[in-house]
Amino acid sequence: MAVAPQVKSSRPLVWTGVAAAAIAAAILLVLVFGLQRDPRAIPSPLVGRQAPGFILPLFDGGTLDTRALHGKIVVVNFWASWCFPACYEEAPHLQRIWERYRGRGVTVVGVNIQDQDKPAREFLDRFRQTFPNGMDPSGKISIDYGVYGVPETFVVDRAGRIVAKHTGAVTKDQLASKIEALLRGGAGAP
Amino acid sequence: MIATLGSIFLTLALVCAVGGLVVLLAGRRSRHDPVRAARGRLAAAGVFGCVTLAVVMMEAALIGFDFSIRYVALNVNRATPLVFRVAGLWGALEGSILLWAWVLTGLTLLVAVEYRGKHSELIPHVLTVLLGIAVFFVGVMVGPANPFARLPVPAVDGRGLNPLLQNHLLMAIHPPFLYLGYVGFSIPYAFAMGTLLSGRHRDEWMTITRRWTLVAWTSLTAGLLLGARWSYDVLGWGGYWAWDPVENAALMPWLVATAFIHSSMVQERRRLLRIWNLSLVIVAFLLTIFGTFLTRSGILASVHSFTQSWIGPLFVTFLGLATAASLLALLARLPQIRDEGTFDSPFSREAMMLLNNAVLLTMAFTVFFGTIFPLIVEAVTGAKVTVGPPFFNRVLVPLGVALLIVMGTGTALRWGRSGAEEIRKLGWLGGMTLLMMAALGFAGVRGAGLVALGAVLFMALAQLGEYVRGAGARRIATGEPWPTAVRMLFALNRQRYYGYLIHLGLAIVITGIVGSQSGRIEVQRQLSVGRTMQVGGYTLRLEGLEALPGPDKMVVAAPVAVFAGDGTASAGSPDSTGAIELLRPSENFYRQARAPVATPAVRSTWREDLYVVLMAFDPGAQSAVLRAVITPLVSWIWVGGTVMVIAGVLAAWPSRPR
Amino acid sequence: MAPVRPNDNGRASGFGPRASRRLCVILVITVLLLAAGPATAKDLDARAAAIAARLRCPVCQNESVADSPAELAAQMRMLIREKLAAGETDKQIVDYFVSKYGEWILLEPPRRGLLWIVWLAPAVALLAGGYIARSYLRRAVRSSNKLEQ
């Protein structure tokens, strides 16, 4: 094999190299983009859509039917007693919002999920929560709202549409700004 | 004290590495410079010595509960057993980088000493590359990921290891194998880059690094196998592979390295594929860095990812630099690299290896693309999508079948040009495969499973055929009895015949995968003590609930008597006579975790695994929720994988000088 | 090591090439028939499990609803069974979950629009790889033939 045959010319290979560099650069850009976002934050497709209705048996014995809430601004909060610390942080805020806005056509509804009756009641006693609160033992309501984990909070306008979803502990200021905007917006039609 | 010393050693290691790099780069022009080589060696020894001392300091801190160090306080508590204090080194981010650096600098020193006085043009470049990588890893530790960072106030007690890791002994050995595999690919990469940098050598690097590549490949195989086993034993869903980004991260370099091992044989025999092989080694190395990046950056949500941190940008930068450097080196030398050899015929073993490369690379690409595709979609459209197991199974199963057929055909063909004999051989293999497939089909195997098993059979028969053929030829030539002839095959041509054994191991693994994917039975039920449940051919009876307090954890076990068949007769009796096994699935409550970690109990036979998980229990009502899964042929995966690893070790073992 | 010689004994078979070819054809047909064997009708449990395996468990990392021990996953499995029992089709149920959680919940990206790329890419890669291998082979074989002349 004294004569080395010219198996290939190197021209196309240079272009291959350039293409490889371009692909590598694109991949690196994607990775850089990936670093700037939170892999756990997933937008809900429900925002802007009609809020699913539900009938919730309450801890205090009554029943809440969302149809009765038509025309009101509703804050739906999904929580569990084992969800520490986020649910414990937001509990007083929710109660405060309820107290401040209950006379102005705003309701707060607590939906307890993936929980047991006794610790859930202890939680309510501990934070002296007085807004309607009930348990969703089969998880149907939470799945209907596309809930990932606790706590999650939805704000529903007077027309029954979900206008906002908050994941994690919510504060009274965050809720108040949403509610105020809806109250200012009039009858509920945007 | 320990923390200060540790930080000092790391800083010294960085100084040594940078110093060595400067010395090696400064003398670039003069070719034979023994002083420079000696200094490079000295730097390698210095870096390794300092990193070793840092590792010793870290282990001392972990074993001795030095809770003034943040890393120790986060990953060890006073109840942590010794084994897991030692293993705490690779239980979290900073420590695992320390381990990585330790393995890397150890291998660097090994290269420096082993090739002392040999390949004098190549080795300085190789050491340059290796020290360059070491500068990055040690630099990360001296900078943002200092494992010896101290707490403002020493903690009274630590938090403890992630309980998923502390719950299984495999955790103590799985990561070191994986790292040895990952880091091991730095050696062929450094030799390839050294070749490109020096611009003088052609195929030398490949012969030198052959054994390194095999060792790295075998370690990575062992790491993947142990990881799958860990997942099976700890995660409690009865599976062993979830196409998790981090599993994918380890699989990709494995696939590329497998392709390289085969195509490097073509280069060695035929002097072909030179550029291709250089590219493969570079890609394999970059994928190991990419894999580390995936694990460490938290860029993709995964069971394994440690934390989200600033380490991501650092790794992306390093990945970018390494990619740019490799590409530049490759492009710069491109005009000088020529394939001198030729192919005789497309009907040859080397042509099949080319095809096998095409399939393996497609598989690696699919895994890569599937893993980062959600990122691409999000970057372009903002939408979140998932690429999960169904996708990977659907795409990779056909590719795997194609690979098996190529493997079988390649083994049956000969180097150079195959002829009538090989055609006949293929005919026999195909015929026997079809016969066995028909038998399997009548035994009830259907659909994709039958096709996959057929491909496995074809491949396995081809390997067995090689042993029969080789030993038969020896018998004719030497008159040896069969066992001696087979033993001599292994002794005289280790890499070839242990290579076939690796193929056979893979056939066993794939049989296990096919089996476990086909006939899975799963039942979940709440049982009171003394009541039974049926699952497949077993009857399970809950015998009670036991709480066993231990030093580091509280174990709640639910002894379950297993009866064969519907077992109502024997299961009705109050004692467990007639039970074929007593399983003890448990939930382990660690101090450091709020949620318990379930520990499944498994009854494993060659035919199937009965896998029982304690999902929940109620001591008041004396009841438990049990989940029972029957998975066929799972144990074949562990057996086959072990065969692959042992055969890999033996293939890489130096043969006795003759 | 002595050069390996072909083992000619292997050729000694009882029947001629034509008979063996016929046997092969019969075998191929048998195997094909068996491989395409009748799919067993799925019962409710199997359908529910199949649907759950297509959905990603929202509270876990990279686990399907079928595999996850999480409570939410268990509730989803229950809901799937209820919906099946109520007569909903597989597609309706999957669409329901997508409408609540977005396409993120599908473990397998749907085959439409931009998402086709991830399905086509492996095929394109394999074809490209095969093409490159083939053209490389042809070039290398041709040059070797030239050399021999």
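Just so you know, all these numbers are worked out from the coordinates, no wet-lab data involved. These numbers were taken from a predicted model, which means no experiment stands behind them. Because the Cβ atoms are built from the backbone with ideal geometry, glycine has one as well, and the counts that use them run over all protein chains shown.
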Rg and Dmax of the protein assembly as shown over Cα atoms: what are they, in angstrom? 31.4, 103
Can you list the DSSP H helices in chain A whose Cα atoms extend at least 15 Å along the helix axis and whose mean Kyte-Doolittle hydropathy is -0.5 or higher? A:11-35, A:172-184
With 10 angstrom as the radius, rank B:E121, B:E522 by how many other C-beta atoms surround their C-beta, starting from the fewest. B:E121, B:E522
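Using unit Cβ charges (K, R positive; D, E negative) and no other charged atoms, how large, in debye to the nearest 20, is the dipole of the protein assembly as shown about its Cα centre? Show your work: numbers first, answer last.
Working: 95 positive and 62 negative charges, 697 e Å.
That gives a dipole near 3340 debye.
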Which listed residue (B:G117, B:L161, B:T209) has the Cα farthest towards the positive end of the charge dipole for the range B:114-249, taking +1 on Lys and Arg C-beta and -1 on Asp and Glu C-beta about the Cα centre? B:G117
Among the helices of chain B (complete DSSP H runs), which have Cα atoms covering no less than 30 Å along the helix axis and a Kyte-Doolittle mean of at least 1.0? B:2-26, B:34-63, B:93-114, B:274-297, B:311-333, B:349-381, B:389-412
Inter-centroid distance (Cα atoms) of the range B:384-424 relative to the range B:472-537, Å: 19 Å
Got a sec? How would A:V111, B:V597 order by Cβ neighbour count within 10 Å, fewest to most? B:V597, A:V111
If the chain between B:V86 and B:A325 were fully extended at 0.36 nm per residue, the gain over the current Cα-Cα distance would be 82.4 nm
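Averaging sequence separations of C-alpha pairs under 8 Å and six or more residues apart, then dividing by the length of the range B:1-161, give the relative contact order as a whole percent.
On the way: 242 pairs, mean separation 58.1, N = 161.
Taking the mean separation of contacting Cα pairs over the length of the range B:1-161, I get 36 percent.
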Semi-axis lengths, Å, the range B:277-396, gyration tensor of Cα atoms, sqrt of 5 times eigenvalues: 32, 22, 12
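Specify, per residue and in Å³, the volume enclosed by the convex hull of the alpha carbon atoms belonging to the range A:44-185.
Working: hull volume 13.6 nm³, N = 142.
Convex hull volume per residue, Cα atoms: 96 Å³.
Take peptide C:58-70, look around each residue's Cβ out to 10 angstrom, count Cβ atoms belonging to other protein chains, and average those counts.
Values: counts 7, 5, 3, 11, 14, 8, 6, 0, 2, 9, 2, 10, 2.
Per residue, the number of nearby Cβ atoms from other chains is 6 on average.
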What distance in nm separates the two pseudo spin-label positions at A:L29 and B:V22, each 7 Å out from Cα along the beta-carbon direction? 3.8 nm
Which aspartates and glutamates, on any chain, are close to B:K118 with Cα under 14 Å apart, when same-chain ones fewer than 8 places away are left out? B:D33, B:E204
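Relative to the present Cα-Cα distance, how much length would full extension add between B:W415 and B:R200 at 0.36 nm per residue of separation? Display every interim value, and only then the final one.
Working: separation 215, 0.36 × 215 = 77.40 nm, distance 2.85 nm.
So the extension gain works out to 74.6 nm.
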Just name one of A:V109, A:L58, A:S44: the one whose Cα is farthest towards the positive end of the charge dipole of chain A (beta-carbon charges, Lys/Arg +1, Asp/Glu -1). A:S44
Per 10 Å bin from zero, what fraction in whole % of the C-alpha pairs of the range B:115-179 is there, up to the bin with the longest pair? 15, 23, 32, 18, 10, 2
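Averaged over C:121-131, how many beta carbons belonging to a partner chain fall within 10 Å of each residue's beta carbon?
Details: counts 8, 13, 5, 2, 9, 11, 2, 4, 9, 5, 1.
Mean number of neighbouring Cβ atoms from other chains: 6.
Could you work out the mean projected area of the convex hull around the alpha carbons of the range B:1-120, in square nanometres to one decimal?
On the way: hull surface 31.4 nm².
Orientation-averaged projected area of the Cα hull: 7.8 nm².
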Using the Karplus curve 6.51 cos²θ - 1.76 cosθ + 1.60 with θ = phi - 60°, what ³J(HN,Hα) values do you get for each residue of the range A:166-171, in whole Hz, with x for Gly and Pro? 10, 9, x, 4, 9, 10
Both in Å, the radius of gyration and Dmax of the C-alpha trace of the range B:50-96 are 9.5, 30
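Explain nothing, just the number: dipole magnitude of the range B:521-634 about its Cα centre with +1 on each Lys and Arg Cβ and -1 on each Asp and Glu Cβ, in debye rounded to the nearest 20.
Working: 10 positive and 11 negative charges, 47 e Å.
Taking the Cα centre of the range B:521-634 as origin, the dipole is about 220 debye.
Scan the range B:72-118 for trypsin sites (Lys or Arg not before Pro) in coil per DSSP, keeping those whose Cβ has at most 16 other Cβ atoms within 10 Å, and list them by number.
Details: sites: B:R78, B:R85, B:R116, B:K118; in loops: B:R78, B:R116, B:K118.
When the trypsin sites (Lys or Arg not before Pro) of the range B:72-118 are filtered for loop state and at most 16 Cβ neighbours within 10 Å, B:R78, B:R116, B:K118 remain.
Given the pairs A:K72/A:K165; A:K118/A:K172; A:K140/B:K553; A:K172/C:K100, which are separated by over 29 angstrom at their Cα positions? Before the final figure, lay out the partial values.
On the way: A:K72/A:K165 17 Å; A:K118/A:K172 27 Å; A:K140/B:K553 35 Å; A:K172/C:K100 26 Å.
In this structure, A:K140/B:K553 lie more than 29 Å apart at Cα.
How would A:D117, A:D136 line up from fewest to most surrounding beta-carbon atoms within 10 angstrom? Don't jump to the answer; show the numbers that get you there.
On the way: A:D117 12, A:D136 22.
Final ranking by Cβ density, sparse to dense: A:D117, A:D136.
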If we restrict to alpha carbons, what Rg and Dmax does the range C:20-108 come to, in Å? 18.7, 60
For the range B:596-658 and the range B:328-342, what is the centre-to-centre distance using only Cα atoms, to the nearest Å? 47 Å
Expressed as a fraction of 2.2 N^0.38 Å, the rule-of-thumb size for a compact globular protein of N residues, what is the C-alpha radius of gyration of chain B? 1.04
HN-Hα J couplings of the range A:54-70 from phi, Karplus 6.51/-1.76/1.60, θ = phi - 60°, integer Hz, Gly and Pro as x? 7, 10, 10, x, 8, 5, 7, x, x, 9, 10, 10, 5, 4, 6, 8, 4
How large is the charge dipole for the range B:162-387, taken about the Cα centre, if only the Cβ atoms of Lys, Arg (+1) and Asp, Glu (-1) carry charge, to the nearest 20 debye? 440 debye
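Averaging the inverse of every distinct alpha carbon separation and then flipping it gives the Kirkwood radius. What is it for the range A:137-176, in angstrom units? Walk me through the numbers on the way to the answer.
Numbers: mean 1/r = 0.0893 Å⁻¹.
Hydrodynamic radius (Kirkwood, Cα pairs) of the range A:137-176 is 11.2 Å.
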With -39,500 (n - 2.57) per DSSP H segment of 4 or more residues and division by the full residue count of chain B, the 222 nm estimate, nearest 500 deg cm²/dmol, is -21500 deg cm²/dmol
